[in-house]
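The values are calculated or read from the model by the stated rules, or taken from the named source; none is laboratory data. Computed from a predicted model, the values in this text were never measured in an experiment. FYI the Cβ positions are ideal-geometry reconstructions off the backbone, even for glycines, and counts take in every protein chain you see. For the accessible areas, the whole protein counts, side chains as well, though only heavy atoms, and no ligand, DNA or RNA atoms are used. Shrake-Rupley method; radii C 1.70, N 1.55, O 1.52, S 1.80 Å.
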Amino acid sequence: MQIVRSLYRKMVSEDLRWKIWTYRIRNTELGRLRSEFLNYYGELSPEKLNSELQDVVGFVKKHGVVTFPYPYIYNYSPEQVKLYRDEKLDLPYVQHQGKRLYYKRTWDEIAIKENYNFLSIEQDPASPHLYLTAAFNVEEGDIVVDVGAAEGNFSLGIVEKVSKLYIFETDSEWIEALQATFAPWKEKVHILNKYVSDVVGENNITLDEFLKDYPQVDFVKIDAEGAEAKILEGAEMTLQKHKALKVAICTYHKQQDAVELAHMLRKHGFNIEYSDGYMFFLEDKQTPPYVRKGLIRARK
């Protein structure tokens, strides 16, 4: 027993040292980014800073660098998230807009609460990552494709409106959770464990191939960890064919995506608008202008 206790103390001690080291490195990187960001914008004349950039600069001066540099983020806290467990399925879940949003069985309480708190920040009405607005929404009876569903919060929010919902997610651990989340609507929700890309293969499919026999598709949401351009390349017939199509597509994963994805959509006759505000994408190399547009909302 004493040996077990000693090993446990050693594991906890090593884990704590690792966390402290990671925390210090992370804070050092963010401090350096804050200085670079403020120096860069401090050298620009005021007329070159639009009001959105002025807001971000003001926030970073006061609070430092975070993914969503806006005061509304302080309205949220992981401690506010209530976590439940489905004893029959042995899966954790939270309540999302009055419906169960299930999580991976391997995630612990802290990870789930932090994740759902981040999702709430991400989809706040003031967020640069907000998919839907009053003027850009999923309508009753729409056929919707969700590429890169992850937890499924976007699809769960619209599931009662739609007539058909196709969910693509490549992380196999999410599939079990998604199946549990959408079980009450299994007649109209289809979950596919495939990569959506610009090629067709054993584990890959294009939107053109998947939707080739559909006379109508109304809404496509794409959040694919940097694969957005490839997905559009594999959807050229879809983008051209469907005359009332709406597309919400993330633009922050790569530095040039906001410009390049807009060009690709305009080529097919879409009118585009960017979401309000800017994001830092801290998982990618940070170079001027540092902040990025969160997503494009496009429609014909």
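Within region 191-220, being modelled with pLDDT under 95, of a type in the set (D, E, K, R) and open to solvent by 70 Å² or more (accessible area, probe 1.4 Å) holds for Glu202, Lys212, Asp213. Do we have any residue at all in region 125-143 that's of a type in the set (Val, Ile, Thr), in contact with a Ser or Thr (Cβ under 9 Å, 6 or more places away or on another chain), modelled with pLDDT of 95 or more and more than 19 Å from Phe281 (Cβ to Cβ)? Looking for residues that are of a type in the set (Val, Ile, Thr), in contact with a Ser or Thr (Cβ under 9 Å, 6 or more places away or on another chain), modelled with pLDDT of 95 or more and more than 19 Å from Phe281 (Cβ to Cβ), one finds at least one in region 125-143, hence yes.
Output the residues belonging to region 187-221 that are under 18 Å from the mean Cα position of the chain (by Cα) and among the aromatic types (Phe, Trp, Tyr). Listed by number, the residues that qualify are Tyr195, Phe219.
When Leu261, Leu265, Leu239 are checked against the criterion of being within 18 Å of the chain's Cα centre (by Cα) and modelled with pLDDT of 95 or more, Leu261 stands alone in meeting it.
Taking first residues from region 90-108 that are more than 14 Å from Asn153 (Cα to Cα) and partners that are open to solvent by 80 Å² or more (accessible area, probe 1.4 Å), the Cβ contacts under 6 Å between residues at least 6 apart in sequence or on separate chains come to Leu91/Arg105; Pro92/Arg85.
Conditions tested, residue by residue: (1) under 24 Å from His253 (Cβ atoms); (2) free of Cβ contacts under 8 Å to residues at least 12 places away in the same chain; (3) not polar (S, T, N, Q).
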| site | (1), (2), (3) |
| --- | --- |
| Ser35 | no, yes, no |
| Tyr40 | yes, no, yes |
| Leu53 | yes, no, yes |
| Lys62 | no, yes, yes |
| Tyr72 | yes, no, yes |
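No other residue among Ala248, Ala224, Ala180, Ala229 is under 22 Å from the mean Cα position of the chain (by Cα), more than 30 Å from Gly98 (Cα to Cα) and open to solvent by less than 50 Å² (accessible area, probe 1.4 Å) apart from Ala229.
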